[in-house]
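The next block holds one structure in the form of structure tokens; read it before the comments.
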Amino acid sequence: MYKIAIAGLGEAAKKIHIPAYSKLPNVEIVGGYDPYATKSEFSFPVYDSLEELLNETRPDILTVATPTDFHFEQTKLGLESGCHVFCEKPFTVRIDEAEEIIALAKSVDRQVVINQEFRFMNIHKAAKEKINTADFGELLFLTAHQTFYVSDETEAGWRGDDVQRTCKEFGIHVLDLCRYFFDEEPTSIYARFPKGNNPNGPDHLNLIQLEFSGDRVAHIILDRYSKGRHRYLDMRLDGSEGTVETSLGGNIELKGGIKGGTRKPYINLDVSLGGNAFLHKGEKATKIASDPLDLFPNATSHLLKLFLDALEQGATPPCSAEDNLKTLALMHAAYQSNERKGPIKLV
Ligand SMILES: NC(=O)c1ccc[n+]([C@@H]2O[C@H](COP(=O)([O-])OP(=O)(O)OC[C@H]3O[C@@H](n4cnc5c(N)ncnc54)[C@H](O)[C@@H]3O)[C@@H](O)[C@H]2O)c1
């Protein structure tokens, strides 16, 4: 049985980590720490300091699910207390902090994993598995698109105050997915975060282009100006033989109409509560995956399971700190590119 303690008992802990851990039989939450939490809300003891939590419960893993500014110090404390760490994204604020954590983890022989759980959603796993198959061929072009309806509720708390609101908090998932799908590091990045008439406000519009080897490109639009439909993340991966479209955010959808090419009528019922992925070849669409309604905890539990398997095998887990440093650096490069108003060569 692995003992896990959680620092930060807000939305990510309540809606992602606690339900994720309940899916794994060999995991027990031994305690938590959050100076602002209502202790009676939780089924485990909540301590008055992180030091007390670590001393009293002696966990195998410390989960760090606090606002990003606290990730560095709390991950350090966890490692110094002998824990492995499961840290929320973004890993740290600064790159030198991430590098310090990596060196410390090595010196105390512990692992740090960052919760980039989007890789472990069924729809993204299925898309990845199609790449380089006869059905899909080589990945040539990727587009990622978000339309997000900003409201007082979505901007409440520390997030809404951050001028790097979108790319640092959400874009980092998409940048990580691009690295995952192309299976290599991009050679350059060009990012524009136009702010219109609110130059000191948050980066509500992200336009990012990543170049990969062989003249292959990823194009990302994260649009929080939109007053239209909320679409959390739609991706299209164009391969040399087929196209995969993924859509995160559930639907029960009855569609009918006339097909564009063949002019044949069609009717289709799709039930995908958390999201779906389709392989397209012209007019023919085949569903290759869907996600359950609780796709965030579901994906996080997949990643945690692989983390625990790696600990047992003495192997490096996926989404390791070393790997995630590259995603963090990419996010920082996006902001640099925006400031310079030009592309940045990465290799
Ligand atoms: N992987 C994902 O899909 C995902 C989704 C949401 C949030 N996150 C990440 O999770 C982290 C937390 O986000 P959230 O949405 O839960 O925010 P939140 O504001 O809902 O929760 C943060 C909690 O941390 C507590 N806290 C503040 N300072 C603390 C401290 N020094 N020590 C302990 N607790 C402290 C707050 O009281 C609050 O309860 C962020 O890094 C965010 O980017 C990841």
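Some values worked out for this structure:
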quantity: Pairs with Cβ under 8 Å, 6+ apart, first in the range 150-168 and closer than 12 Å to LEU205 by Cα, second small (Gly, Ala, Ser) and away from the ligand (no atom under 12 Å from the Cβ); calculated: VAL163/GLY201; CYS167/ALA191; CYS167/ALA334
quantity: Test: residue in the range 34-48 that is modelled with pLDDT of 95 or more, within 23 Å of ALA321 (Cα to Cα) and surrounded by 19 or more Cβ atoms within 10 Å (Cβ to Cβ); calculated: no
quantity: Verdict on GLU11 being within 10 Å of the ligand (Cβ to nearest atom) and closer than 25 Å to PRO292 by Cβ; calculated: yes
quantity: Search result, residues across the range 25-40 that are touching a residue at least 24 places away in the same chain (Cβ under 8 Å) and either more than 10 Å from the ligand (Cβ to nearest atom) or closer than 20 Å to ALA105 by Cα (or both); calculated: ASN26, VAL27, GLU28, ILE29, VAL30, GLY31
quantity: Selection count, the range 41-53, where residues are within 12 Å of the ligand (Cβ to nearest atom) and under 24 Å from HIS302 (Cα atoms); calculated: 1
quantity: Evaluation of MET235 against (1) farther than 30 Å from THR66 by Cα; (2) open to solvent by less than 40 Å² (accessible area, probe 1.4 Å) (one fails), failing number; calculated: (1)
quantity: For ALA20: the one exception among (1) more than 11 Å from the ligand (Cβ to nearest atom); (2) of a type in the set (A, V, I, L, M); (3) touching a residue at least 60 places away in the same chain (Cβ under 8 Å); calculated: (1)
quantity: Unique match (being within 15 Å of the ligand (Cβ to nearest atom), open to solvent by 10 Å² or more (accessible area, probe 1.4 Å) and among the acidic types (Asp, Glu)) among GLU88, GLU99; calculated: GLU88
quantity: Residue in the range 183-195 that is closer than 24 Å to PHE278 by Cα and out of contact with any helix residue (DSSP H, G or I) (no Cβ under 7 Å at 6 or more places or on another chain) present; calculated: yes
quantity: Residue match in the range 146-163 (condition: in contact with a Cys (Cβ under 9 Å, 6 or more places away or on another chain) and among the hydrophobic types (A, V, I, L, M, F, W, C)); calculated: no
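Conditions (1) free of Cβ contacts under 8 Å to residues at least 60 places away in the same chain; (2) open to solvent by 10 Å² or more (accessible area, probe 1.4 Å); (3) assigned by TED's automatic domain parsing to the domain that holds ILE172; (4) not charged (D, E, K, R), marked per residue:
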{"position": "LEU62", "(1), (2), (3), (4)": "yes, no, no, yes"}
{"position": "ALA65", "(1), (2), (3), (4)": "yes, yes, no, yes"}
{"position": "HIS84", "(1), (2), (3), (4)": "no, yes, no, yes"}
{"position": "LEU104", "(1), (2), (3), (4)": "yes, yes, no, yes"}
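The values are calculated or read from the model by the stated rules, or taken from the named source; none is laboratory data. None of the values given here were measured: they were computed from a predicted structure. A quick note on method: Cβ atoms are made from the backbone with ideal geometry, for glycine too, and the neighbour counts reach across all protein chains shown. Surface accessibility is based on the protein's heavy atoms, side chains included, excluding ligands, DNA and RNA. Shrake-Rupley method; radii C 1.70, N 1.55, O 1.52, S 1.80 Å.
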